[in-house]
Amino acid sequence: MTDAAAIAQGIDPAERGESALGLGGQLAYGAGQIAGQVFRDLPSLLLLFFMTTVLGIEPAVAGAAIFVPKMIWGIGSDIVVGVLSDRWQRRIHRRWWLVAGALGAPVAMILLFHVPEGSTSLRIAYVAATFSLYMVVFASFSVPYLALAGELTASPRERNVLMAWRLVFTAAGVMVSGALAPALVQRWGGGQAAYESMAIVLAVICPMALLCAFFGTGRAARIQRDAAPGAPRIRLTVREAVTVLSHRRFSVLLSANLLQLIGQGMSYASMLYFLSYNMARPDALTLIGGIVLTACLGIVVAQPIWVAAAARFGKPRCYAAGAIIHGATYGLWAFGAHWGAMAALVFSFVSAIGNSGWAMLGFSLVADISAEDDRHAGLYSAVWIATDKIAFALGGTLLTGLILSGFGFDAGRAVMGLPQSAGALTGVMLAFGVIPALLNLAGAIIMGRSPLSRAA
């Protein structure tokens, strides 16, 4: 029996020892996450730091210049792409959105860091405008990419494996944005020209990853398309969309994930500040590469553990456990700046184990929900991705910028390479570890006390 025939008869290929995806398809799908992770993490990790320490823009203003495009263009584009990918899915398969992303990614990446000379107001306006384009391009491939996971396999167990591979390639994307990119900036002198050259390198990597996912998932996508019955074009009213998104399982998961992502965004955005000022490391751009590599090792090592644990204890419970591990580690790390680089590497490894657990299982739960209601898979994915951007816009730019400014961080002193005040160091510590720890704990409580967990 062929995969298409099995699916048409309601038989799960995974249950009979076969898979429409296969290992090659799983790897190809996962590779696409390299581009998604780079587009997600690079602004949070480097853009605010670039604007304050290279362009000399105050943290609160720089944070607002990043926050507004994320909230308007990022979220708006996510919803539009999600709805259109649902409406057009019988004519334009979601895979083809990856090609659109591959074409736009190099342009958006290069423009973002090629800030022209001029007044501070001009530079702020330029970053806001180019970051708006960046958000549109990001939406064009990130939303369909996530929705695609629920369509490539009919097996919830295989979706766990697929998301585990996605997290493995998340580690690769984190290495590109968190280790390679800062290392290139450091190697090329740390000034604006170094950031511009770094962007060109990433502008080559991202489309290659998207095209790998496009070509590698073609067979599985065709099988699922041929087996699925024809569906009419979907036209949602606002009320119908709210009803869909009020699905109890989805809304609980979304609430927990939102809180944790705000904390993660704060940690990402303030990490270079923490290394540079609280740990007083002149080699912060180099050390962060080691921290990221250690985190990536933790992500890869943890995936089979989380897959096995989820099969035994249920996805929601393991999600909550991952959130507790992640939050507790960052809470300790915030007070351990004086423990040195080796302690930072250990903290990074342990926190990545927790982070990779709730991240992988969150995506897997969304894919399960989307598969049960595949007519709205794009909408679920759009809101999930939009929530990620809302959280990183709040945590990774606006809140971090406001906390740093509120506690006295001085961008002028940063440009001159001078140390910061004790108050500024307290603000960095809060943004980096204390507040993220509390937000992760809140997310774990939501998942642990929800009907999702009790039913698992």
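Only the coordinates and a few stated rules stand behind these numbers; no lab work does. Values in this document were obtained by computation on a predicted structure and should not be read as measured data. Every residue, glycine as well, gets a Cβ built from its backbone with ideal geometry; the counts of neighbours run over all protein chains shown.
Numbers below:
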item: Projected area averaged over orientations for the chain, convex hull of C-alpha atoms, nm²; result: 19.8
item: Label-point separation in nm, Phe313 to Glu372, each point 7 Å along Cα→Cβ; result: 2.2
item: Measure of compaction for segment 245-304 (Cα Rg per 2.2 N^0.38 Å); result: 1.55
item: Helix axis angle, 75-87 relative to the chain longest principal axis, alpha carbon, degrees; result: 10
item: Ser270, Ser405 arranged by Cβ crowding within 10 Å, fewest neighbours leading; result: Ser405, Ser270
item: Gap separating the Cα centres of segment 263-292 and segment 343-407, nearest whole Å; result: 20
item: Coarse-grained scattering of segment 46-125 at q = 0.11, 0.15, 0.21 Å⁻¹, given as base-10 log I(q)/I(0) from a Debye sum over alpha-carbon atoms; result: -0.43, -0.69, -1.01
item: Diffusion coefficient, µm² s⁻¹, Stokes-Einstein with Kirkwood Rh over alpha-carbon pairs of segment 38-83 at 20 °C and 1.002 mPa s; result: 187
item: On Cα atoms only, tilt of 218-227 relative to the major axis of the chain in degrees; result: 40
item: Pairs of alpha carbons in segment 99-205 whose separation is greater than 21 Å (percent); result: 49
item: Where N is the number of residues in segment 310-433, Cα Rg divided by 2.2 N^0.38 Å; result: 1.36
item: Unit Cα scatterers, Debye sum, segment 22-177: log10 I(q)/I(0) for q = 0.13, 0.21 Å⁻¹; result: -0.65, -1.31
item: Protection proxy ranking, peptides 44-50, 409-415, average beta carbon neighbours within 10 Å, highest first; result: 44-50, 409-415
item: Length released on extending from Val346 to Arg157, taking residue separation times 0.36 nm less the Cα-Cα span; result: 64.9 nm
item: Simple label model, 7 Å out from Cα along Cβ direction - Val80 to Ile305, nm; result: 4.3
item: Helix 435-448 axis, angle to the chain major axis (alpha carbon atoms, nearest 10°); result: 20
item: Pair Leu332, Thr286: separation of 7 Å Cα→Cβ label points (nm); result: 2.8
item: Calculated [θ] (222 nm, deg cm²/dmol) that DSSP helices of n ≥ 4 give over the chain, each run adding -39,500 (n - 2.57); result: -25000 deg cm²/dmol
item: Gain upon complete extension [Ser255, Ala100; 0.36 nm per residue less C-alpha separation]; result: 52.7 nm
item: Likely footprinting exposure, Val80, Val115, fewest C-beta neighbours within 10 Å first; result: Val80, Val115
item: Orientation-averaged projected area, Cα convex hull of segment 410-450 (nm²); result: 3.4
item: Counting all C-alpha pairs of segment 382-440, share separated by more than 15 Å (%); result: 56
item: Mean Cβ neighbour count within 10 Å, used as a protection proxy, ranking 72-79, 161-168 highest first; result: 161-168, 72-79
